[in-house]
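Visitor: Provided herewith is a single structure, encoded as structure tokens, for subsequent inquiry.
The values are calculated or read from the model by the stated rules, or taken from the named source; none is laboratory data. Remember, it's a predicted structure, so these values are computed and weren't measured experimentally. Counting neighbours? That spans all protein chains shown, and the Cβs are built from the backbone with ideal geometry, glycine included. Ligands, DNA and RNA are excluded from the accessible area calculation, which covers all protein heavy atoms including side chains. Shrake-Rupley method; radii C 1.70, N 1.55, O 1.52, S 1.80 Å.
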Amino acid sequence: DAGVIQSPRHEVTEMGQEVTLRCKPISGHDYLFWYRQTMMRGLELLIYFNNNVPIDDSGMPEDRFSAKMPNASFSTLKIQPSEPRDSAVYFCASSLLLGESNYGYTFGSGTRLTVV
Amino acid sequence: TQLLEQSPQFLSIQEGENLTVYCNSSSVFSSLQWYRQEPGEGPVLLVTVVTGGEVKKLKRLTFQFGDARKDSSLHITAAQPGDTGLYLCAGRGSQGNLIFGKGTKLSVKP
């Protein structure tokens, strides 16, 4: 398997523009997570899905953020309108199981978002 | 709220030195994992510890889970430049998902 695939790797956009980040999880993994990483706050969980259904979106900062998982092999995180404070590295991760000690998360390489 | 505090936040050492980084919480975790993140990449799982007092070794890396399952440490012997990266601990939360610390950024200079 090629692992978790994220695109684009880098995104530079102007304030107010819509940004869409994409993720393809590992085939067969039932759980998909979206994280945001900054120096100040570390890794923050934004939302996670189980079998394509959003389970916990309490980490989504505000209504400007939305996430979808239309099928088991694709998810998007959309920011509309984007603001400079959204600049961060966004990671997607997938996992086979939740709550099982020996199962970890497999992370993608991330999307570095810069909003100017 | 279950939180994990990692220390030190930054560590810069010379090749060949030994080091220990810590992961502490006031909460009990059923298991704890350590990840390493290299620049420009996502975190990669190194190890999972489950039993209080458990010690696991991965070449020059030694991981220990505290007896009360509230803390963990990572010891690196004879550090090498290839060990450079961000080390993250993550505890299994009450809902089964992972709760991450902010990490220790390690730099090993040749």
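Visitor: For segment A:29-77, which residues drop by 50 square angstrom or more in accessible area between the chain on its own and all protein chains together (1.4 Å probe)?
Guide: Hits at the 50 Å² cut-off: A:Met39, A:Leu43.
Visitor: Under a crude label model (7 Å from the Cα following the beta-carbon direction), how far is A:Glu62 from B:Lys57 in nanometres?
Guide: 5.3 nm
Visitor: Mind checking the mean number of beta-carbon atoms from other chains within 10 Å of the Cβ atoms in A:103-113?
Guide: 5
Visitor: Could you work out the mean count of beta carbons from other protein chains within 10 Å of each residue's beta carbon in B:79-91?
Guide: 1
Visitor: When Rg is the radius of gyration of the Cα atoms in the protein assembly as shown and Rh is its Kirkwood radius, what does Rg/Rh come to?
Guide: Using only Cα positions, Rg/Rh for the protein assembly as shown is 0.97.
Visitor: At a 10 angstrom cut-off on C-beta neighbours, averaged per residue, how do the peptides A:36-42, A:52-58 rank from highest to lowest?
Guide: A:36-42, A:52-58
Visitor: Need one value: the accessible area of A:Arg9 in square angstrom, 1.4 angstrom probe, rounded to the nearest 10.
Guide: 100 Å²
Visitor: Further, regarding this structure: Could you look at chain B and say what percent of its accessible area is carbon and sulfur, using a 1.4 Å probe and all protein chains?
Guide: It is 50 percent, rounded to a whole number.
Visitor: Ignoring ligands, DNA and RNA, how do B:Lys105, A:Lys68 rank by accessible area with a 1.4 Å probe, largest first?
Guide: Order by accessible area, largest first: A:Lys68, B:Lys105.
Visitor: Sticking with this one: Can you send over the solvent-accessible area of A:Ser7, 1.4 Å probe, protein chains only, in Å² to the nearest 10?
Guide: The accessible area comes out at roughly 50 Å².
Visitor: What is the sum of charges around B:Val47, taking Lys and Arg as +1, Asp and Glu as -1, for the other residues whose C-beta is under 12 Å from the C-beta of B:Val47?
Guide: So the environment of B:Val47 carries a net charge of +3.
Visitor: Pairs A:Lys78/B:Lys102; A:Lys68/B:Lys70; A:Lys78/B:Lys59: which are spaced more than 30 Å apart, C-alpha to C-alpha?
Guide: Those over the limit are A:Lys68/B:Lys70; A:Lys78/B:Lys59.
Visitor: Measuring with a 1.4 Å probe in the full set of protein chains, what accessible area per residue, in whole Å², belongs to the protein assembly as shown?
Guide: Normalised by residue count, the accessible surface of the protein assembly as shown is 48 Å².
Visitor: Using a 10 Å cut-off around each Cβ of peptide B:93-104, what is the average number of partner chain Cβ atoms that fall inside?
Guide: 5
Visitor: What base-10 log of the normalised intensity I(q)/I(0) is obtained for segment A:6-116 from the Debye formula, alpha carbons as equal point scatterers, at q = 0.17, 0.21 Å⁻¹?
Guide: Once normalised to I(0) and log-transformed, intensities are -0.76, -1.14.
Visitor: Any idea of the total accessible area buried by the B-A contact, 1.4 Å probe, rounded to 100 Å²?
Guide: Buried: approximately 1700 Å² between A and B.
Visitor: Can you send over the carbon and sulfur percentage of the accessible area for chain A, probe radius 1.4 Å, protein chains only?
Guide: That share works out to 48 percent.
Visitor: Rg(Cα) of chain B divided by 2.2 N^0.38 Å?
Guide: Output field value: 1.01.
Visitor: Just to verify a number: FRET efficiency for A:Arg112 and B:Asp67, C-beta to C-beta distance, R0 = 30 Å, to 0.05?
Guide: The pair A:Arg112/B:Asp67 has a calculated efficiency of 0.15.
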